[in-house]
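These notes are about the structure you will find just below.
The values are calculated or read from the model by the stated rules, or taken from the named source; none is laboratory data. Since the structure is predicted, the reported quantities are computational estimates derived from the model, not experimental observations. In this analysis, Cβ positions are derived from the backbone assuming ideal geometry, glycine residues included, and neighbour counts consider all displayed protein chains. When the accessible area is computed, the model is the full protein with side chains, heavy atoms only, and any ligands, DNA or RNA have been set aside. Shrake-Rupley method; radii C 1.70, N 1.55, O 1.52, S 1.80 Å.
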Amino acid sequence: MQSIPVDTSRLGVLRCAVEPEPKIADFETKQVKKDRDGNTIYTVGVTVRQDGRRVSVIEIAVPSEPKGVVEGTEVRVTGMEAFAWAMGDRHGISFRASAITPVPAAPATTAGTAGSAGKGGGA
């Protein structure tokens, strides 16, 4: 299976739509999927919205649980690759990444609080 690197900088704002959950390898036994190093594979639903386009949700597999990634948070995806697959009449594209991390929130500014004393009231 050939991997295709994905330039995530061209995907717009990425947000977690579905929190990380272990990927199931066998639904009958509920066995979770592991990578070659024995790490549990997690999947994260991520919204992708490029300028002027509709929102799409893609599922990205990552080795080990992404910490701090919760629904609604903006995320950074590192080392993303796409894979084309086919099974009988079914086909599609799968995504995996080396890491998914939350984007730190910008610090809030408190503009307009200084110098407001003495306005609006007086004798």
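Things to note:
- Selected residue (criterion: farthest from ASP26 (Cα to Cα)) from residues of the stretch 41-94 that are open to solvent by 50 Å² or more (accessible area, probe 1.4 Å) and among the hydrophobic types (A, V, I, L, M, F, W, C): VAL55
- Filtered residues of the stretch 84-109 (kept if assigned to a loop (DSSP other than H, G, I, E, B) and over 17 Å from SER9 (Cα atoms)): GLY88, ASP89, ALA105, ALA106, PRO107, ALA108, THR109
- Being farther than 20 Å from PRO104 by Cα and at pLDDT below 90 is a condition met by at least one residue of the stretch 43-51.
- Matching residues, the stretch 54-83, being assigned to a loop (DSSP other than H, G, I, E, B) and touching a residue at least 40 places away in the same chain (Cβ under 8 Å): GLU65, PRO66, VAL69, VAL70, GLU71, GLY72, THR73, MET80
- Residues within the stretch 47-65 that are over 15 Å from GLY12 (Cα atoms) and either under 9 Å from the mean Cα position of the chain (by Cα) or among the hydrophobic types (A, V, I, L, M, F, W, C) (or both), tallied: 4
- Cβ pairs under 7 Å, 6+ apart, first in the stretch 22-50 and of a type in the set (Asp, Glu), second surrounded by 15 or more Cβ atoms within 10 Å (Cβ to Cβ): ASP35/ILE41; ASP35/PRO63
- Selection count where residues are polar (S, T, N, Q) and touching a Pro at 6+ places or on another chain (Cβ under 9 Å), scope the stretch 53-81: 1
- Qualifying positions in the stretch 22-40 - in a strand (DSSP E or B) and open to solvent by 50 Å² or more (accessible area, probe 1.4 Å): PRO22, ILE24, ALA25, ASP26, GLN31, LYS34
- The stretch 12-21 - residue that is in contact (Cβ under 8 Å) with a residue 40 or more places away in the chain and either of a type in the set (D, E, K, R) or in a loop (DSSP other than H, G, I, E, B) (or both) and, of those, surrounded by the most Cβ atoms within 10 Å (Cβ to Cβ): ARG15
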